[in-house]
Amino acid sequence: MEESEKKCQEELVALKKEFEEFIYIVSHDIKSPMRAISNITTWIEEDLGSVVNQDVLTNLGLLKNRVYRLENMMNALLELSRVDRTELEFYELNITKMIANCIDLFDRESNVDFHFKADIINENCVTLGVKMQKVIMSVLDNAVRFHHEENRKVFIDIVENDNDYEIKISDNGPGIPEQAIHKIFSIFYTVNSKDIVDTTGAGLAISCKIMKLVGGKIEYSPDVHSGSVFTIHWPKIITLKN
Amino acid sequence: MLNGSHKLTPVPKIVLIDLNRTKNKEINVLNAIRNHPDLKSILMFVITHSDYGKNKTTALNLNIAGYIPLSFEIQQLNHFFSVLNDYWNIIEFSSQK
Amino acid sequence: MNQKLVNILLIEDDEVDVMNVKRAFSKNKIMNPLFIAGNGVEALEMLKDKIIPLPKIIILDINMPKMNGIEFLKIVRENEKLKNISVFVMTTSNEDSDKIDAYNLNVAGYILKPLSFEKFVTSVATLKNFWQLCEM
């Protein structure tokens, strides 16, 4: 029994490694021909000059846009494959300050009202700072981006529990339609067509993987009025598997 | 500053050196940096006011990233820093501390 | 400031990337004589056997067949006649290990090839300004 369990474990480890190598190679080696397509399209545009059929220009524009999407998807895949391999440094972080900084990054460009409330005793924590910031930024980015109202509001509340920090990010946006809820954490899934909202759709998938890595979780629930609520449970103590 | 008690951390990735003072002293600094195991891969930019010639050859032998003649007039200085700044913004550095 | 234009050697195996450099150079009116080698081995031959005049600037890709950029650079830095050529890495590799290796071999800069041609033209413009500043 033990023997077969051990074998299973070894196979699992090997499979995982192979999968990550695959993602890495795919996203890495595909970049060259992608760049070539994008560049050559630009050259064709330039060489055609000013007297050219509008349709041709439109199509060339579409071509470049699709290559740009390809690049974003490749970068997202690369990032996904790297989640449990890079930036795994533990350092002391002031959580309130970090979240305030994240909010600052959005404040300038968007017309969003941020409401930040922190109910924490231990503001400082030794943790995987880079990963935490990534998750917060992904969720905040979604909250800011997928918004149809004029007066957009995003609420961030942190509560400290015994074993984790509970970070709730909610907004007064359109929320997520019921049939899409179970798909939102899949990579590249976007609720809207990518032609309408230009986004790769990888933020939540990457965040989900990070939460698995640290032994926490991220959950979605619809807001009482409309809008979305994302709750992140970030554990105080993180043990990484080798 | 790069070593010993006044050590800068993290170690800088770029060093800009004015080679005009006592010529030999500055060349020694360049040599010292290049020979130091922790510092030898720092990107070095050297500015000089005097006619270069021999100094330039020595500097190039130490693989200085840029050897730049400069006189301290305001317009030149603005241009100088603007170009250098643009350049430093397009190049990559490792994330190693 | 009238200076003779220095020779530039581009070591790059991808033909589209070579076209990229040529077009970006021409857009930026960089008139320096440009020589091309498809990989490290070819480049060494060109340099050692003096098939091309000695360049002052080398633009170096990293991922190439037969001999990659870092291996080439190691050999160049050990060669008396070639070791003080200014080397600018231009690559798709965003790997820390490559950046560290390159700077340990004292490259003058490490540039990532951007996806869009427009961005590349801008980077080359900056490079040109830098070269002119150094009177290369």
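The values are calculated or read from the model by the stated rules, or taken from the named source; none is laboratory data. Every value quoted in this text rests on a predicted model; they were computed, and no experiment measured them. No Cβ is skipped: glycine too gets one built from the backbone with ideal geometry, and neighbour counts run over all protein chains shown.
Points to keep in mind about this one:
- Test: residue A:87 is part of a helix (DSSP H, G or I) and within 12 Å of another protein chain (Cβ to nearest Cβ): no
- Flag if residue B:32 is at pLDDT 65 or above, out of contact with any Phe, Trp or Tyr (no Cβ under 8 Å at 6 or more places or on another chain), assigned to a helix (DSSP H, G or I) and among the small types (Gly, Ala, Ser): yes
- So residue A:180, is it in contact (Cβ under 8 Å) with a residue 60 or more places away in the chain and not aromatic (Phe, Trp, Tyr): no
- Verdict on residue A:164 being surrounded by fewer than 20 Cβ atoms within 10 Å (Cβ to Cβ), under 20 Å from residue A:210 (Cα atoms) and either touching a Lys or Arg at 6+ places or on another chain (Cβ under 8 Å) or hydrophobic (A, V, I, L, M, F, W, C) (or both): yes
- Filter result for the condition that a residue is on the phi < 0 side of the Ramachandran plot, at pLDDT below 95 and touching a strand residue (DSSP E or B) at 6+ places or on another chain (Cβ under 9 Å), over C:6, C:89: C:6
- Residue in segment A:134-147 that is in the same structural domain as residue A:184 (by TED's automatic domain parsing), of a type in the set (Lys, Arg) and at pLDDT 90 or above present: yes
- Between A:71, A:79, A:92, the distinction of being part of a strand (DSSP E or B) and acidic (Asp, Glu) belongs to A:92 only.
- Residue in segment A:4-11 that is within 14 Å of chain C (Cβ to nearest Cβ) and either assigned to a helix (DSSP H, G or I) or under 24 Å from residue C:115 (Cα atoms) (or both) present: no
- Whichever residue in segment B:65-97 is facing another protein chain (nearest Cβ under 7 Å) and polar (S, T, N, Q) and, among such residues, is surrounded by the fewest Cβ atoms within 10 Å (Cβ to Cβ): B:95
- From A:16, A:117, residue being in the same structural domain as residue A:209 (by TED's automatic domain parsing) and either surrounded by fewer than 16 Cβ atoms within 10 Å (Cβ to Cβ) or without any contact (Cβ under 8 Å) to a residue 24 or more places away in the chain (or both): A:117
- Conditions (1) modelled with pLDDT of 75 or more; (2) surrounded by fewer than 14 Cβ atoms within 10 Å (Cβ to Cβ); (3) under 25 Å from residue C:74 (Cα atoms); number of the one not met by residue B:45: (2)
- A count restricted to segment C:125-136 and to residues that are more than 7 Å from chain B (Cβ to nearest Cβ) and surrounded by fewer than 22 Cβ atoms within 10 Å (Cβ to Cβ) stands at 4.
- For segment C:92-111, taking the residues that are aliphatic (A, V, I, L, M) and either in contact with a strand residue (DSSP E or B) (Cβ under 6 Å, 6 or more places away or on another chain) or surrounded by 18 or more Cβ atoms within 10 Å (Cβ to Cβ) (or both), the one that is nearest to residue A:65 (Cα to Cα) is identified as C:111.
- If you filter segment A:19-35 down to residues that are over 12 Å from residue C:116 (Cβ atoms) and among the aliphatic types (A, V, I, L, M), you find that the one that is surrounded by the most Cβ atoms within 10 Å (Cβ to Cβ) is A:23.
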